[in-house]
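*Asks:* Submitted below is the structure of interest, expressed as structure tokens.
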Amino acid sequence: MKETAPNLTTLIGASLGARLISLAGGLERLSRLPSSTVQLLGAEKAMFLHLRSHKRPPKHGIIFQHPSIHRAPHWQRGKIARSLASKISIAAKVDNWNGEFVGDRLLEEFERRVEEVREKYPEPARRPEGRRRK
């Protein structure tokens, strides 16, 4: 993984990076996917259940295994997953087209965003009266 996708490995680790590449069907295909699709890789069953039965949409797929998402409170996970998916998408593009090493910078930007989310959303959002979860 360090030879094939060094930026992706630095950002999310070798194991999770390999699983993402496998789910996407290769590094080239992963690099062409939009970050919203990268965010939901591995949650296809939940996504189609949402579309078919109007259940709640999934916030993340296999990237849930990343410690920053896994350890976060439930109300912060979607925001963190969206940020991680965008950084994964950039890293995959750079790795696929043999760009320079930017993994450290991407990791630093991601960690900065995680801290922003934790500071900005310390408590779950309150629902307006009369609104219920389905």
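*Asks:* In this structure, is residue 29 modelled with pLDDT of 95 or more and either loosely packed, with under 15 Cβ neighbours inside 10 Å or closer than 22 Å to residue 124 by Cβ (or both)?
*Replies:* Yes; evaluated as a whole, the condition is true for this residue.
*Asks:* Which number in (1) touching a helix residue (DSSP H, G or I) at 6+ places or on another chain (Cβ under 9 Å); (2) under 27 Å from residue 1 (Cα atoms); (3) not hydroxyl-bearing (Ser, Thr, Tyr) marks the one condition that residue 118 misses?
*Replies:* Just one mismatch for residue 118, condition (2).
*Asks:* Restricting to region 41-80, name every residue that is within 19 Å of residue 20 (Cβ to Cβ), surrounded by 15 or more Cβ atoms within 10 Å (Cβ to Cβ) and among the charged types (D, E, K, R).
*Replies:* Scanning region 41-80 gives 59, 77.
*Asks:* Being surrounded by fewer than 19 Cβ atoms within 10 Å (Cβ to Cβ), of a type in the set (Gly, Ala, Ser) and in contact with a Leu (Cβ under 9 Å, 6 or more places away or on another chain): is that true of residue 85 here?
*Replies:* So residue 85 fails the test.
The values are calculated or read from the model by the stated rules, or taken from the named source; none is laboratory data. Computed from a predicted model, the values in this text were never measured in an experiment. Here the Cβ is made from the backbone with ideal geometry for all residues, glycine too, and neighbour counts use every protein chain on show.
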